[in-house]
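Please read the structure below before turning to the comments.
Rule-based calculations on the coordinates, nothing more; no lab input. Nothing here was measured: the structure is a model prediction, and the numbers come from that model. No Cβ is skipped: glycine too gets one built from the backbone with ideal geometry, and neighbour counts run over all protein chains shown.
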Amino acid sequence: MRSIFRAAVITATAVPLAVAVPDLAAAADASEVTYAFGVDGHSVTNTITNNTGGVLTCATSLAPAPGGILPPISDVLSAGQSLFAHSDIQPGVTVHTVIDVPDGSYVALASCGNADASAMWVSDYPGIEETLALFPYESFTVEQAATVVTVPAELPALPSPGNEPVPNPLFGSSN
């Protein structure tokens, strides 16, 4: 059986860990951070809206979702994610972009934490509450526009039309 502790440690890589400050966490609200995922070619974007009034440290990561089906959260967290973007997010709207994503379906996950580690906002996912309960500070699940994203295979390029006449079978061959 995979340890919940291991899942918590993996989750914590996206958010800096520090001593909890419960009084400051009480001022945080679930609606202060939103995520919206999208696909642009072989990149996955996450539009992060930060209405906390402070700088957040955020990560956007992808985990395989074969067939577009959500795997159990323990599988997602224990395997880790090798496709990700992370940065400090100022108040307002910022776009994270995960580049060079291979074809396939992925679970798009995001997490943000404030500078004093008194609050964090994590993508809502079935079963995530058990992992969040392990952290000593206020945590919120964030609804997002999409949980599974699919990066399509590139279509072959169509030949460009030249100046050659196109044969018309109604009027015979052009040969």
Which parts of segment 110-139 would a label at Leu70 reach, counting a residue when its backbone N lies under 12 Å from a point 7 Å out along Cα-to-Cβ?
-> 123-129
Roughly speaking, what is the centre-to-centre gap between segment 46-67 and segment 124-139 when only Cα atoms are used, to the nearest Å?
-> 16
